[in-house]
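Notes follow once the structure below has been shown.
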Amino acid sequence: MREITYKEAIREAMIEKMREDEKVFLMGEDIGVYGGAFGVSMGMLKEFGPWRILETPMSEAAFTGVGVGAAIMGMRPIVEIMFADFLTFSADQLVNQAAKLRYMTGGQVKIPLVIRAPQGSGTGAAAQHSQNVEAWFFNIPGIKIVVPSNPYNAKGLLKSAIEDDNPVLFLEHKLLYNKKGKIPEDDYRVPLGQPHIEKEGDDITIVTTSIMTYRAIEAAKKLEEEGISVEIIDLLTIKPLNTEIIEKSVKKTHRLLVVYEGCLTGGIGGEIIAKIAESNAFLYLDAPMFRLGGKDVPIPYNKNLERAAVPQIEDIIKKVRFIVKGDWYA
Amino acid sequence: MLTRDEKLAMLEKMLLIRAFEEKAEKLFMRNLVHGTMHLSVGEEAIPVGAIFAIKSTDYITSTHRGHGHMIAKGGDLKKMFAEFLGKDTGYCHGRGGSMHIADFGLRNLGATGIVGAGIPIATGAALALKMQNKSDVVLAFFGDGAANEGVFFESLNMATIWKLPEIFLCENNQYAMSSPVKRFVPTPNISDRASAFGIPGISIDGMDVIAVYETVKAAAERARSGKGPTLIEAKTYRFKGHSKSDKNLYRTKEEIEEWKKKDPITTFAARLMEIGDLQQNEFENMKEKVNAIIEEAVKFAIDSPEPDPKTVEKFVYADEKEN
């Protein structure tokens with residue numbers, strides 16, 4: 001094992017896949033000498049040259065489509081969108097083209113495209129550079145959505161995403177880029193579509209993604225001191241959504257909280273809770289299922305306001321205490 | 001120079017597109033069509049001239065008005081009619097309909113219902129060809145409406161800076177649905193936009209199949225030799241309405257009749273007769289041959305089964321077990 005950052009893990013996955021498969025290339029804005037807005041591709045230009053680290057003009061709508069076209073032709077493009085908020089420009093090519101082309105042509109084509117984009121708040125970048133966009137694309141059949149939470153799963157998931165024959169939206173978190181974690185020396189994969197039990201526990205299941213996994217781990221430490229044992233399930237892939245592990249966990253803990261950074265309303269939490277409500281795990285519940293999502297606001301600039309807009313460690317602790325206490329409708 | 005046989009083959013292909021479109025409209029009138037259609041009657045010279053000018057190994061991207069592109073590329077009429085009628089034997093197993101007929105094997109990379117969205121896909125295909133050191137080119141069809149979409153400009157820019165093997169072929173049929181091109185394009189020609197990118201921009205008579213052929217041939221040579229894209233605007237006219245709901249409220253009968261005098265099929269046939277390449281009876285035989293092909297294809301489509309509703313979730317992801 002060795003220790004690297006989340007950012008380095010993503011870079012390593014790309015470098016190793018590009019060495020192995022000449023069909024893989026990276027395209028996006030300022031990804032060359034600059035290394036991308038967050039330095040993820042730093043140094044890659046030197047090894048792979050300007051055609052495989054292909055810098056684009058500021059034309060997200062079209063260069064996302066260029067990725068789709070190249071993928072149709074058997075390439076395996078990785079398209080970097082500088083901030084996930086800019087995916088609105090890419091939306092037609094992602095939603096109407098990449099996601100639908102295979103279906104509407106009767107299975108004639110595969111689109112092995114990865115779109116990488118950093119999302120999330122906490123950097124003081126305000127409303128247009130901070131949104132968690134998971135839910136924007138959660139409703140789109142034909143794509144997969146991956147949200148890595150640490151260096152180990154970021155590297156393993158990105159390799160799986162590059163090898164996948166479907167369009168994969170790979171949503172990184174800006175606050176995680178410099179977080180360190182251990183990864184194996186050997187080549188490995190983390191499969192898509194399989195949530196991970198981050199921590200076992202008995203009293204409540206917390207389902208998380210991305211940065212919220214870290215916050216839930218911290219919250220769980222505090223809660224254990226109070227005698228509340230928390231199980232944490234990190235989704236890793238939110239689409240297709242696999243709730244089997246969650247069902248199993250809920251049958252054990254009898255309580256469920258979904259913590260997510262995106263806006264509360266229309267977010268992933270509602271869907272996860274609906275799935276559990278429809279499953280026989282519902283019969284095992286000792287408490288209503290709850291969501292703890294971001295506030296329904298654009299991400300504000302001021303540091304305190306920004307913190308208040310999305311779940312923090314103390315919010316998770318409070319919510320868990322509330323659920324366990326049992327006085328829900330007082 | 002085109003041989004007599006090649007010219008006759010072009011005429012026959014145009015007749016085939018015309019016959020397909022007219023039959024499609026009849027099937028629609030007979031209530032056999034669930035959805036809509038966008039007919040290209042009057043515009044046949046462009047797909048035929050353009051696709052005769054490229055190699056069969058070259059690629060195209062198509063549009064919502066794409067029947068002609070698919071037929072010119074060698075599309076299977078049985079699968080086309082079957083798709084039009086929503087049958088399981090259709091190109092897309094009834095998932096796409098008229099607007100999404102594609103044949104990736106024939107290197108038609110798809111028809112999109114989102115105006116302009118095929119253009120960056122064509123640019124991406126051209127980028128892949130360049131990366132793979134292939135000598136094929138990509139011919140992107142789009143309309144005058146698409147020439148006002150942002151992705152048109154963005155793609156033209158990228159294809160130019162990267163010198164991609166791509167031909168941008170605008171089928172200017174004078175109307176984006178009901179909006180006249182004169183109202184929404186401030187310069188006389190859409191091809192004027194090429195000057196912003198420093199590439200050749202050429203406007204031609206899109207009713208003249210030979211003009212289309214020669215212009216696209218030169219653009220294909222330029223693309224293949226690594227010099228980058230060309231923007232071609234072929235001026236044409238849509239004889240039929242935009243789609244099934246069109247009542248032609250935005251144009252006059254006189255205007256339509258005026259353009260019909262330039263019918264790309266009758267004018268080309270007349271030219272071939274004038275130079276002795278075609279006799280009237282040969283022309284009649286050709287029409288009969290085409291009609292027989294159409295009838296056989298329609299019969300196949302009508303007799304074909306519908307897709308099983310149980311398969312509705314098939315083809316969403318590439319890794320489904322059933323595929």
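Taking the condition surrounded by fewer than 20 Cβ atoms within 10 Å (Cβ to Cβ), closer than 24 Å to B:GLY113 by Cα and either under 21 Å from the mean Cα position of the chain (by Cα) or hydroxyl-bearing (Ser, Thr, Tyr) (or both), does A:ALA98 pass? First the steps, then the outcome.
Working: surrounded by fewer than 20 Cβ atoms within 10 Å (Cβ to Cβ): no; closer than 24 Å to B:GLY113 by Cα: yes; either under 21 Å from the mean Cα position of the chain (by Cα) or hydroxyl-bearing (Ser, Thr, Tyr) (or both): yes.
Here the answer is no, as A:ALA98 does not meet what is asked.
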B:GLY124 meets each of (1) part of a helix (DSSP H, G or I); (2) at positive phi with one exception, condition (2)
Filtered residues of the stretch A:16-40 (kept if in contact with a Gly (Cβ under 9 Å, 6 or more places away or on another chain) and surrounded by fewer than 22 Cβ atoms within 10 Å (Cβ to Cβ)):
A:LYS23, A:GLU29, A:ASP30, A:GLY35
Please verify whether A:ALA91 is of a type outside the set (Asp, Glu), surrounded by fewer than 24 Cβ atoms within 10 Å (Cβ to Cβ) and under 19 Å from the mean Cα position of the chain (by Cα), treating the condition exactly as stated.
yes
Assess whether A:GLU3 counts as being within 24 Å of the chain's Cα centre (by Cα) and either aliphatic (A, V, I, L, M) or modelled with pLDDT of 95 or more (or both).
yes
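State the number of residues belonging to the stretch A:194-221 that are in contact (Cβ under 8 Å) with a residue 24 or more places away in the chain, buried (at least 17 other Cβ atoms within 10 Å of the Cβ) and either assigned to a helix (DSSP H, G or I) or within 14 Å of the chain's Cα centre (by Cα) (or both). Lay out the reasoning, then the answer.
First, pick out the residues of the stretch A:194-221 that are in contact (Cβ under 8 Å) with a residue 24 or more places away in the chain: A:194-216, A:218-219.
With buried (at least 17 other Cβ atoms within 10 Å of the Cβ) added as a condition, the list becomes A:195-196, A:198-199, A:201, A:203-216, A:219.
From the residues that got through so far, the ones that are either assigned to a helix (DSSP H, G or I) or within 14 Å of the chain's Cα centre (by Cα) (or both) too are A:195-196, A:207-216, A:219.
The qualifying residues number 13.
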Just one of the numbered conditions (1) in contact with a helix residue (DSSP H, G or I) (Cβ under 7 Å, 6 or more places away or on another chain); (2) within 14 Å of chain A (Cβ to nearest Cβ) is not true of B:ILE199; which one?
(2)
Is one or more of the residues making up the stretch A:107-123 within 11 Å of chain B (Cβ to nearest Cβ) and either polar (S, T, N, Q) or in a helix (DSSP H, G or I) (or both)?
yes
A:SER90 fails exactly one of the following numbered conditions: (1) within 8 Å of chain B (Cβ to nearest Cβ); (2) part of a helix (DSSP H, G or I). What is the number of that condition?
(1)
Would you confirm whether any residue within the stretch A:146-155 is touching a Leu at 6+ places or on another chain (Cβ under 6 Å), assigned to a loop (DSSP other than H, G, I, E, B) and at pLDDT 95 or above?
yes
Just to be sure, is B:LEU278 surrounded by fewer than 16 Cβ atoms within 10 Å (Cβ to Cβ), assigned to a loop (DSSP other than H, G, I, E, B) and among the aliphatic types (A, V, I, L, M)?
no
Taking the stretch B:136-156 only, how many residues are within 11 Å of chain A (Cβ to nearest Cβ) and in contact with a Pro (Cβ under 6 Å, 6 or more places away or on another chain)?
2
Contact list please: Cβ distance under 6 Å, first residue in the stretch A:126-143 and within 24 Å of A:ALA308 (Cβ to Cβ), second residue modelled with pLDDT of 95 or more and surrounded by fewer than 18 Cβ atoms within 10 Å (Cβ to Cβ), pairs at least six apart or on different chains.
A:ALA126/A:TYR301; A:ALA127/A:PRO298; A:ALA135/A:GLY266
Mind listing just one residue for me: the one in the stretch B:157-181 that is within 14 Å of another protein chain (Cβ to nearest Cβ) and in a helix (DSSP H, G or I) and, of those, nearest to the chain's Cα centre (by Cα)?
B:ALA159
Taking the condition touching an Asp or Glu at 6+ places or on another chain (Cβ under 8 Å), at pLDDT 95 or above, hydrophobic (A, V, I, L, M, F, W, C) and in a strand (DSSP E or B), does A:ILE238 pass?
yes
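Just to check your reading of the model, which residue among A:MET75, A:MET82, A:MET58 is within 18 Å of the chain's Cα centre (by Cα) and among the aliphatic types (A, V, I, L, M)? Don't jump to the end; show me each part of the working.
Numbers: A:MET75 fails: within 18 Å of the chain's Cα centre (by Cα); A:MET58 fails: within 18 Å of the chain's Cα centre (by Cα).
Testing whether each residue is within 18 Å of the chain's Cα centre (by Cα) and among the aliphatic types (A, V, I, L, M) leaves just A:MET82.
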If we take the stretch B:1-118, then helices (runs of 4 or more DSSP H) inside it with 1 or more residues that are within 14 Å of chain A (Cβ to nearest Cβ), over 15 Å from the mean Cα position of the chain (by Cα) and crowded, with 24+ Cβ neighbours inside 10 Å are B:77-84
Can you tell me which residue within the stretch A:41-60, out of those that are hydrophobic (A, V, I, L, M, F, W, C) and surrounded by fewer than 23 Cβ atoms within 10 Å (Cβ to Cβ), is farthest from A:PHE86 (Cα to Cα)?
A:PHE48
Only residues that are more than 16 Å from B:HIS64 (Cα to Cα) and facing chain A (nearest Cβ under 10 Å): list them for the stretch B:119-135, please.
B:THR123, B:GLY124, B:ALA125, B:ALA126, B:LEU127, B:ALA128, B:LEU129, B:LYS130, B:MET131, B:GLN132, B:LYS134
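With the requirement that a residue be of a type in the set (A, V, I, L, M) and either more than 7 Å from every other protein chain (Cβ to nearest Cβ) or farther than 11 Å from A:VAL68 by Cβ (or both), what does the stretch A:95-106 give you? Talk me through it step by step, then tell me what you get.
Just the residues of the stretch A:95-106 that are of a type in the set (A, V, I, L, M), to begin with: A:95, A:98-99, A:101, A:104.
If the condition is that a residue be of a type in the set (A, V, I, L, M) and either more than 7 Å from every other protein chain (Cβ to nearest Cβ) or farther than 11 Å from A:VAL68 by Cβ (or both), then A:VAL95, A:ALA98, A:ALA99, A:MET104 are the ones that fit.
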What number goes with the only condition from (1) part of a helix (DSSP H, G or I); (2) in contact (Cβ under 8 Å) with a residue 40 or more places away in the chain that B:GLU257 does not pass?
(2)
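The values are calculated or read from the model by the stated rules, or taken from the named source; none is laboratory data. Bear in mind the structure is a predicted one, so any value in this text is a computation, not a measurement. Reconstructed Cβ throughout: ideal geometry from the backbone, glycine too, with neighbour counts over all protein chains shown.
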